[in-house]
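Single-structure report; data block below.
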Amino acid sequence: WEEISGVDEHDRPIRTYQVCNVLEPNQDNWLQTGWISRGRGQRIFVELQFTLRDCSSIPGAAGTCKETFNVYYLETEADLGRGHPHPGGSRPRKIDTIAADESFTQGDLGERKMKLNTEVREIGPLSRRGFHLAFQDVGACVALVSVRVYYKQCRATVRGLAAFPATAAESAFSTLVEWLVPVGRCSCSAGFQERGDICEGIQRTGGFLPAACPPGFYKVSPRRPLCSPCPEHSRALENASTFCVCQDSYARSPSDPPSASCT
């Protein structure tokens, strides 16, 4: 493999790794990446962009030319360096044999048509801190234009007053879990009411109050969704009141609920 500088069909500069030993048999040429930290990802996606030449367009290469190359990965706890792709006896795991949907010919070279191919493969689940990728040429005329490595992440969200942090997806596809129908939910504490996905005060002219139940309102239990105005002849002087006290000269029976008027 050789690192080559060039331009694409739009005259943009690119750097590629190329190999084209198609006239000699028994090719086994390896290209290894640096160490790639997996971060929080357990299942990793590898996107390859490459060009590959049509063997039939290369004179004298019919018996030795190939139109595929192999991709491997090796999990490690630290960087192994850029030596042999399987040092110390550790052997990489094969991801796949990659073939091109479109291959180019000598005529395409003259017209500077790249015929870029894109392939995505998934690896994992991974357990070590990172990994190396390795590319094995077995006799193709191939140029590796780009390698993109990423994992998928569920975005942070708030549902039903419950906050869920951003979480790396464990797999590309999943099935619904056992409790796919919600069987419970969060509720606002006594003295607070729900608006959307947050707990705050009640609505008044000009918008929502910024905090909890304001003076003159109360909420006795998390089971009640909204703040209520104080019953007749009672008052709540502070924010987030859970009950209203009777005004002077008024009272309610100890057996009366907080929603009862004072008499």
Residue satisfying condition, being at pLDDT 90 or above and either of a type in the set (Gly, Ala, Ser) or over 30 Å from ASP79 (Cα atoms) (or both), within set GLY201, GLY139: GLY139
Please indicate, with yes or no, whether at least one residue in region 78-88 is at pLDDT below 85, farther than 23 Å from GLN18 by Cβ and surrounded by fewer than 15 Cβ atoms within 10 Å (Cβ to Cβ). yes
Test: VAL183 is at pLDDT below 75 and farther than 23 Å from ARG155 by Cβ: yes
Scanning region 52-71 for residues that are touching a Phe, Trp or Tyr at 6+ places or on another chain (Cβ under 7 Å) and more than 11 Å from ILE98 (Cα to Cα) gives ARG53, ASP54
Would you call ALA260 outside the structural domain of CYS199 (by TED's automatic domain parsing), in contact with a Pro (Cβ under 7 Å, 6 or more places away or on another chain) and hydrophobic (A, V, I, L, M, F, W, C)? yes
Cross-chain or 6+ apart pairs with Cβ under 7 Å, region 145-160 first and at positive phi and not assigned by TED's automatic domain parsing to the domain that holds ILE44, then surrounded by 12 or more Cβ atoms within 10 Å (Cβ to Cβ) and not in a strand (DSSP E or B): GLY160/CYS186
Could you please find all residues in region 8-24 being loosely packed, with under 11 Cβ neighbours inside 10 Å and touching a residue at least 40 places away in the same chain (Cβ under 8 Å)? GLU24
Only residues in region 219-230 that are over 11 Å from SER241 (Cα atoms) and part of a loop (DSSP other than H, G, I, E, B) count as the first member; pair them with residues that are at pLDDT 80 or above and not charged (D, E, K, R), Cβ under 7 angstrom, at least 6 apart or cross-chain, and list the lot. PRO222/SER187; PRO222/CYS188; PRO222/SER189; PRO222/ALA190; ARG223/SER187
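The values are calculated or read from the model by the stated rules, or taken from the named source; none is laboratory data. Since the structure is predicted, the reported quantities are computational estimates derived from the model, not experimental observations. Glycine gets a Cβ as well: all are built from the backbone with ideal geometry, and neighbour counts include every protein chain shown.
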